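Enquirer: Let me begin by handing over the structure; questions about it come next.
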Amino acid sequence: MTTESASASPASRLLINGTVHSTTEPYAESMLVKDGLVAWVGDEDTARRSSEDSPETQDLDRALVAPAFIGWVDSPVLDGAEPVDSRPALDEALSQGCGAVRLGLRISRETFLGLSVNTEQGEQSFDRYDAPGIVEQLLRQVLSEAQEHPLPVFPHLRVTDMGGIDLEDPRSSSFLTELVQMMRILDDASGAPLALAVSTEDLFAGRSAEQAEEILLEIRRTASGAERQLILDAADASGAAASGERAAALAEAVVSSHQRLREEKMTPSPATPTVLAGFDAENRETWEQLLNTGVHVIFRTAGHLATALSVGLPSSAAPAQGRNPWELISEHVHHDQDPVSARAGFNAQVRGAYRSLVAGADGGSMGGQLNPGSAATYGVWEVDSLAVQTPDSRTAAWSTDVRARTPLLPYLDGESFPTLVQTVVDGTVLYRRDAE
């Protein structure tokens, strides 16, 4: 495995003898990359005629070129007394075919408030008024190091122990305001506006539904007023998605808080939608409840993606750190209760994930497609076979009528997955599998 640094001016490159996953040219076998953008997709002869110079030629050897995935990396801010370096995890994301990463930095509310922090020498107490400054310095270092990585990084701050918030306690209620102020200060180090993430399990634990809804409303109100994207992580401590009664209660709280925000004219901007992560529901009515709330749902594990999409809810997916992205697509394709087509599963992890996780930056246009004028951010994958794969194996086709203009994807049997050859971001090769 080789991870490479970005160059200032990526060379023009002509990719030939492969399959390019493009919605404008579904049967393209060649792609021309110039100035970090897709200049042409189609047949090789036309691509050569379209180029005014003599680009570097890359023989794909029948490999698949597909838009890059979005990675999701969770990392603590502190390891003992030392700030954590997230760059090795970003290298790993490149090796999984990711062209951008949502980086979640975890820090406890108690550390921010200065109640205590653990160090290698034992427990050290911060002064209440100095603690935010110390946390700010730590975060600035971690964020600055992440921005040195050539992979585009879109960070969010995951504050744990939010269950301790008491809206009647002045210190608790002012915590959210102080947190947002610190995030504004750190935007220059993060390279993109910091988003905020909280665990809904923290908010609901030991509280009545009414109390949890009030705290959720205050958090949503604070994030919206500060124009910060909010991620509501519904998964439990083991990573299992919220479902059943937990999912129903959370959906009701989201709907209720949305109605209050509308009354106050403080609903989030469509550019920074609230994202509900680690959420799943077997009941179609639960998905329908969320439809008009402006909330996006992102699946971290296999769930009822087909139902969410059929309802019309903005839905996407991002696998856990270190997993081959095709594995989660395969799990959705072969879901026992709610299978989807390979195309729907793929789009959820590409265009859907860009739309939800890179919102507020340039996610609406920066990735998820390989069409002329789009960013040349893609992965090159070795595949055994290509197909148009539907949820019903009886109708899965190894090829399709060209008039359908459906781009081909790897046939996923649930056991073997494509192997990454290269990851390219804005025309620059950032990862290259070592020659065997």
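Enquirer: Taking only region 285-317 into account, find how many residues are under 15 Å from residue 338 (Cβ atoms), open to solvent by 40 Å² or more (accessible area, probe 1.4 Å) and either in contact (Cβ under 8 Å) with a residue 40 or more places away in the chain or of a type in the set (Ser, Thr, Tyr) (or both).
Expert: Summing the residues that are under 15 Å from residue 338 (Cβ atoms), open to solvent by 40 Å² or more (accessible area, probe 1.4 Å) and either in contact (Cβ under 8 Å) with a residue 40 or more places away in the chain or of a type in the set (Ser, Thr, Tyr) (or both) in region 285-317 gives 2.
A quick yes/no check of all residues on (1) aliphatic (A, V, I, L, M); (2) farther than 17 Å from residue 156 by Cβ; (3) part of a loop (DSSP other than H, G, I, E, B):
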site: 268; (1), (2), (3): no, no, yes
site: 272; (1), (2), (3): no, no, yes
site: 297; (1), (2), (3): yes, no, no
site: 303; (1), (2), (3): no, yes, yes
site: 320; (1), (2), (3): yes, no, yes
site: 338; (1), (2), (3): no, yes, yes
site: 344; (1), (2), (3): yes, yes, no
site: 352; (1), (2), (3): no, yes, no
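Enquirer: Of the residues 206, 225, 191, which is at positive phi and either over 21 Å from the mean Cα position of the chain (by Cα) or aromatic (Phe, Trp, Tyr) (or both)? Spell out the reasoning first.
Expert: Values: 225 fails: at positive phi; 191 fails: either over 21 Å from the mean Cα position of the chain (by Cα) or aromatic (Phe, Trp, Tyr) (or both).
From the options 206, 225, 191, the qualifying one is 206.
Enquirer: Out of curiosity, is residue 175 at pLDDT below 90, within 22 Å of residue 286 (Cα to Cα) and among the aromatic types (Phe, Trp, Tyr)?
Expert: On the way: at pLDDT below 90: yes; within 22 Å of residue 286 (Cα to Cα): no; among the aromatic types (Phe, Trp, Tyr): yes.
Criteria not met by residue 175.
Enquirer: Would you call residue 201 closer than 18 Å to residue 236 by Cα and at pLDDT 85 or above?
Expert: Yes; evaluated as a whole, the condition is true for this residue.
Enquirer: Something else now. Failed condition for residue 353, given (1) at pLDDT 65 or above; (2) open to solvent by 10 Å² or more (accessible area, probe 1.4 Å), with all others met?
Expert: Every listed condition holds for residue 353 apart from (2).
Enquirer: State whether the residues of region 179-196 include one that is acidic (Asp, Glu) and open to solvent by 60 Å² or more (accessible area, probe 1.4 Å).
Expert: Yes, region 179-196 has at least one match.
Enquirer: Any idea which of (1) surrounded by fewer than 18 Cβ atoms within 10 Å (Cβ to Cβ); (2) over 23 Å from the mean Cα position of the chain (by Cα); (3) in contact (Cβ under 8 Å) with a residue 12 or more places away in the chain is the one residue 239 doesn't satisfy?
Expert: For residue 239, the exception is condition (2).
Enquirer: Which of the residues that make up region 249-281 are open to solvent by 10 Å² or more (accessible area, probe 1.4 Å) and of a type in the set (Val, Ile, Thr)? Steps first, please.
Expert: We begin by selecting, within region 249-281, every residue open to solvent by 10 Å² or more (accessible area, probe 1.4 Å); these are 249, 252, 255-256, 258-260, 262-272, 280.
Once the filter is applied, which keeps residues that are open to solvent by 10 Å² or more (accessible area, probe 1.4 Å) and of a type in the set (Val, Ile, Thr), region 249-281 yields 255, 267, 272.
Enquirer: Within region 101-146, restricting attention to residues that are in a loop (DSSP other than H, G, I, E, B) and surrounded by 15 or more Cβ atoms within 10 Å (Cβ to Cβ), which residue is modelled with the highest pLDDT?
Expert: That would be 114.
Enquirer: For residue 175, are the conditions met, namely being under 21 Å from residue 266 (Cβ atoms), in contact with a helix residue (DSSP H, G or I) (Cβ under 9 Å, 6 or more places away or on another chain) and of a type in the set (Phe, Trp, Tyr)?
Expert: Yes.
Enquirer: Among the listed residues 252, 282, 327, which satisfies the condition of being in contact (Cβ under 8 Å) with a residue 24 or more places away in the chain and part of a loop (DSSP other than H, G, I, E, B)?
Expert: Matching residue, one of 252, 282, 327: 282.
Enquirer: For residue 220, all conditions in the list (1) assigned to a helix (DSSP H, G or I); (2) buried (at least 20 other Cβ atoms within 10 Å of the Cβ); (3) out of contact with any Pro (no Cβ under 8 Å at 6 or more places or on another chain) hold save one; what is the number of the exception?
Expert: Evaluating residue 220 over (1) assigned to a helix (DSSP H, G or I); (2) buried (at least 20 other Cβ atoms within 10 Å of the Cβ); (3) out of contact with any Pro (no Cβ under 8 Å at 6 or more places or on another chain) leaves (3) as the failure.
Enquirer: Next up: Every residue in region 12-51 that is of a type in the set (A, V, I, L, M, F, W, C) and open to solvent by 70 Å² or more (accessible area, probe 1.4 Å), please.
Expert: Residues satisfying the conditions are 37, 40.
Enquirer: Collect the residues in region 318-337 that are within 20 Å of residue 383 (Cα to Cα), surrounded by 15 or more Cβ atoms within 10 Å (Cβ to Cβ) and small (Gly, Ala, Ser), keeping them in residue-number order.
Expert: Within region 318-337, just 330 meets the criteria.
Enquirer: Go through the residues of region 52-60 one by one and say whether even a single one is hydrophobic (A, V, I, L, M, F, W, C), modelled with pLDDT of 95 or more and open to solvent by less than 70 Å² (accessible area, probe 1.4 Å).
Expert: Yes: region 52-60 contains one or more residues that are hydrophobic (A, V, I, L, M, F, W, C), modelled with pLDDT of 95 or more and open to solvent by less than 70 Å² (accessible area, probe 1.4 Å).
The values are calculated or read from the model by the stated rules, or taken from the named source; none is laboratory data. Just so it is clear, the structure is predicted and the values come from calculations on it, not from any experiment. Glycine also receives a Cβ, built like all others from the backbone with ideal geometry; neighbour counts cover every protein chain displayed. Ligands, DNA and RNA are stripped out before the accessible areas are found, and what is left, the full protein with its side chains, is counted by its heavy atoms. Shrake-Rupley method; radii C 1.70, N 1.55, O 1.52, S 1.80 Å.
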